Structure formats: structure tokens, C-alpha cells
């Protein structure tokens, strides 16, 4: 279940943050932001299934058209979801019962659309009171400087910065690694150890770097994979530079 939706500078929403209940009613006049509120979830879904550029162009020809009053050069989205009890029991990591996903979309130094920041947190259950049964629009609230947060005892699983540093950490062990490929304009899932692109796309020049790194660390990667699959701590591997 989605527990919270948050957005900053997205379309007609300057800033919105709302804790959700299992059943929620949106109330407001036409063009007040109800559809945009729901589109926050749809955008993140399209980002995952269709890719960054497609998620943007499905809604507007230019990124600027998705910015509040066409101001600034980025927008931020965040959602928090409850982790199903079946997954908590399967992983044996009962400390965390929810996760928070944050993403910043904007223009990079070359003026192309890029993911400027992306973070996935594991977190415990909030003690905050759920939002009201009815959410009324237009929604007015003071806007924070950023949606990026860090709560006590949260565990960072994925983090990407605008400089191109990609950080990954195991949900249960202390395995972690950093890749530096550059700002995310293209994305791909690559198998190990053969380096086959399973999903997405990446520039040939960047793919050569990834494949070279895979070849250099082939034995280490497979050894760590065996350890991780057994839920054991893995050894750190020098990141792609």
C-alpha cells in the first residue's frame, strides 16, 4: 500500500505532501490538481517501465512544461510504501516495514533531460497520524527546499547523484559498491558475468566501460553473488571509475 505521496514543482503543484489511508477521496474544482496528484504515481510507473525520456514526452514536449509555472530546472517526487508482510518474513529483515523512493528530474549541464538525484530508503513504520479521509484541492502548503530526507535508523539501498555516482547497498548485509558512469540519461540492466543488456539501453562508449569492469572483476563478482544469495556478507569490489 502507498502510505505517502509528495511532490515539489510538479506541473500545477508547487508542493504537496499527504499521508494516505486505504480509502481516500480527492475533492476539488476542475484544474485544481487532482489529476496531477494521481499522475505522480503514474509518472514513477512510466519512468520504470518506459524510461525517462518517454515518461516526460508522454506528458509534454518539453521538460519545462512539467515545471510549476515553468520556473526552475527540476521537479522532485517521493512516495512511501508499506512492505508486504510476506516479503518481510521472506527476507528475515523485520526491522524495516516501509520504503521511501525519492527522485529529482531536471536538465543536466548539457541541457538534456536527466535524473539528477535518486534514492531508495528502507525505514521503520512511522508513528505519524494518517492523513484525513478527504484531500481537498487546491492544496496550499509551504514548500521545503528539497524532498530529500534522512530519518533515524533509515537504511540507504540505492543512491544516485547528479555527478553520476551510483551507490548500491544490500538490504541485509554490509555489501555495497559505487559505480560512476555519469548522469542518468540512459539506463540498462546488465547481467553478470557476461555483460548482456537484459533491459534498457546505454551508450556504446559507456557500455564498453561496464564490460571492461565486469571482465576485470569477473571472479570477484561471481564470488560475491554466491555469498549474497546465501545472505552472507560480501567483499567490496573496486568501483567503476
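The values are calculated or read from the model by the stated rules, or taken from the named source; none is laboratory data. What you are looking at is a predicted structure, and each value in this text was computed from that prediction instead of being measured. Here Cβ is always computed from backbone atoms with ideal geometry, including for glycine, and neighbour counts include all displayed protein chains.
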Exactly one of 216, 237 is closer than 21 Å to residue 175 by Cα, in contact with a helix residue (DSSP H, G or I) (Cβ under 6 Å, 6 or more places away or on another chain) and modelled with pLDDT of 80 or more, and that one is 237
Residue selected from segment 53-66 under the condition within 15 Å of residue 111 (Cβ to Cβ) and in contact (Cβ under 8 Å) with a residue 24 or more places away in the chain, by the criterion surrounded by the fewest Cβ atoms within 10 Å (Cβ to Cβ):
53
Can you tell me which residues in segment 210-226 are surrounded by 14 or more Cβ atoms within 10 Å (Cβ to Cβ), over 24 Å from the mean Cα position of the chain (by Cα) and free of Cβ contacts under 8 Å to residues at least 40 places away in the same chain?
211, 213, 214, 217, 218, 220, 221, 223
Based on this model, can you work out whether residue 152 counts as modelled with pLDDT under 85 and touching a strand residue (DSSP E or B) at 6+ places or on another chain (Cβ under 8 Å)?
no
Which ranges mark the strands (runs of 3 or more DSSP E) fully within segment 68-123 that have 1 or more residues being modelled with pLDDT under 90 and within 17 Å of residue 163 (Cα to Cα)?
98-107, 113-123
Of the criteria (1) within 30 Å of residue 110 (Cα to Cα); (2) touching a strand residue (DSSP E or B) at 6+ places or on another chain (Cβ under 7 Å); (3) at pLDDT 75 or above, which one residue 136 fails
(1)
